[in-house]
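In what follows, a single structure is set out as structure tokens and then discussed.
No value in this document is a laboratory result; all are computed from the given coordinates. Keep in mind it's a predicted model, so treat the numbers as computed, not measured. Every residue, glycine as well, gets a Cβ built from its backbone with ideal geometry; the counts of neighbours run over all protein chains shown.
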Amino acid sequence: MDLIQPSGEHSLDEVRAQFEQWRNSRDKRKAIPEALWEAAASLYPAHSLHQISKALRLNHTKLKHYVQGPNLSMPPASFIEVGFAGPASPYKGSVEMRHQNGARMTMQITDNRDLMKLARLFWSRP
């Protein structure tokens with residue numbers, strides 16, 4: 001069977017046909033090949049994770065891991081230390097945080113009094 005090479009150029013119907021062909025010809029105990037997972041992931045963001053997982057009958061959580069790709073390889077303890085001169089230092093700019101669960105938060109800062117509170121709340125999420 002020729003598997004689709006992930007390139008993002010395939011339609012949902014093409015990938016669905018590949019999954020059906022694989023499902024009809026496989027040994028029931030075999031895992032889905034990486035090439036099929038990658039082809040499914042390449043459909044995002046043209047289609048939502050929900051649409052892809054429903055159409056292809058895939059585990060939504062596992063598909064999300066394929067879509068997120070390298071972001072998951074970041075060690076949970078990696079961080080960038082942000083130092084401030086004091087509780088009301090005149091820092092202005094933006095801060096973007098990425099959680100290992102895929103969540104992102106970008107803050108425009110004009111006063112840093114609440115920055116640490118927001119960061120603690122964001123990082124405490126599961």
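I need Lys54, Lys64, Lys30 ordered by Cβ neighbour count within 10 Å, fewest first.
Lys30, Lys54, Lys64
Full-extension gain between Lys117 and Asp13, please, as 0.36 nm times their residue separation minus the C-alpha to C-alpha distance.
Here the answer is 32.8 nm.
From the P(r) of region 12-73, can you give the percent of Cα pairs sitting at distances over 12 Å?
When every Cα pair of region 12-73 is considered, 66 percent fall beyond 12 Å.
With a 10 Å Cβ neighbour count serving as the proxy for reagent exposure, in which order, fewest first, do Ile52, Ile109 appear?
Taking fewest neighbouring Cβ atoms as first place, the list is Ile109, Ile52.
Check Ile109: other-chain or 5+ apart residues with amide H under 5 Å from its amide H, H built from backbone geometry?
HN-HN under 5 Å from Ile109: Gly93, Ser94, Val95.
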